[in-house]
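The values are calculated or read from the model by the stated rules, or taken from the named source; none is laboratory data. Predicted model, so just to flag it, every value in this text is computed and none were measured. Counting neighbours? That spans all protein chains shown, and the Cβs are built from the backbone with ideal geometry, glycine included.
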Amino acid sequence: MSSFRTARTPRVRLVGAAATVVLAALSLTACNDGTGVKSEGRATGTAPTANGTATASSQDESAAGTTQGSGTDTSASGGNGPAGKTSSSKASGGTTGGSGGAGGTGKSGGSGEAAASGGSSGAGASGKPVTCEGSVTRTTAAPLTRPVNHMLLTVTNTGSRTCFLYGYPAVRFGEAQAVPPVIEDSQPQAVVTLEPGQSGYASVNLAAADGSGTNGHTVKSLTVHFQGRSGNGSVGTGAHPSLPAQGVYVDDSLKVTYWQQSMDDAVSW
C-alpha cells in the first residue's frame with residue numbers, strides 16, 4: 001500500500017509540473033502581442049484593429065474637444081447649461097442683439113423724425129399762425145443815410161408761433177391824426193411770414209430829398225399799428241419804437257412801403 005503511494009507521488013508531481021509549464025506558456029502568449037502592450041489594455045477598448053484604434057482615438061479626441069468647447073462656451077456664457085445650449089443661446093443672443101440694434105436704429109430714425117418735428121414746433125408750428133402785432137413782436141426804427149431821408153422799420157417775431165405781417169405799417173409820428181399813404185408798387189407777391197425769431201421790414205420816406213415837401217417839422221415819437229388780414233384798420237397792440245433824441249424831420253411827402261421779407265427790398269423804394 002505504501003509502495004503504491006510512493007510510486008504515484010512522482011507521477012502526480014510530474015503532471016502538475018507539466019500543467020504549470022503549459023499555463024506559464026499560455027500566460028506569456030496571452031500577455032504579449034509583440035508590441036509590449038498587455039492585452040488587458042485593449043480589452044477595455046475595441047478589437048485590436050486599425051478601425052477600432054482610430055475609433056477609440058476619435059472618440060477620445062471628440063470627448064476632449066467637447067470638454068474644451070464646453071469649458072469655453074461656459075466661460076463665455078457665465079457657465080449656464082451644456083455647451084450645445086450655450087452655443088445656441090449665444091447665437092440667439094447675437095441675433096437678438098442685431099435685431100435690437102436695428103430696432104434702435106429704427107427708433108433713432110423715429111427719434112430723428114420727432115426731433116425734426118420738435119424743431120418745426122419750436123419754429124412756430126406748435127400752434128396756429130397768428131397776426132403779427134405789438135404783443136408778439138419787437139419793432140425798431142432806424143434812420144438811414146442811404147437812401148437819404150429814409151427810416152427802416154424792423155419787426156421781429158418774439159412769440160412762439162408763426163405770425164403774418166399783413167399790408168403795411170400804419171405809422172403815426174407825433175400828434176398826427178392820419179397815417180401816411182403806402183407806395184403801391186412796393187406790394188410783395190406774398191404775405192410776409194415770420195417764424196419765431198425772424199424779422200420783416202418796411203421803409204419810411206420821411207421827407208422829399210429835393211426839399212419840395214411842405215409842412216416839414218421835427219417829431220420825437222412814433223407809433224406803429226399793424227393791419228389784419230382784411231386790411232381794414234389796425235389789430236392788436238401797437239408798437240412804440242424809440243426815435244433819436246433829436247427827433248426826425250418829416251413833411252407832407254411822408255409815405256411807407258408794404259412789409260417786405262428782406263431788408264434790401266424794403267430800402268429799394
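Condition first: exposed (fewer than 12 other Cβ atoms within 10 Å of the Cβ) and of a type in the set (S, T, N, Q). Now tell me which residues in segment 215-241 satisfy that. Hits for segment 215-241 are Asn215, Ser230, Asn232. Scanning segment 182-203 for residues that are touching a Phe, Trp or Tyr at 6+ places or on another chain (Cβ under 9 Å) and touching a residue at least 24 places away in the same chain (Cβ under 8 Å) yields a count of 14. A count restricted to segment 141-163 and to residues that are crowded, with 19+ Cβ neighbours inside 10 Å and touching a residue at least 60 places away in the same chain (Cβ under 8 Å) stands at 6. Of the residues in segment 243-258, at least one is surrounded by 15 or more Cβ atoms within 10 Å (Cβ to Cβ), in a loop (DSSP other than H, G, I, E, B) and in contact with a helix residue (DSSP H, G or I) (Cβ under 9 Å, 6 or more places away or on another chain). Taken together, the criteria exclude Ser221 from residues that are in the same structural domain as Val155 (by TED's automatic domain parsing) and at pLDDT below 95.
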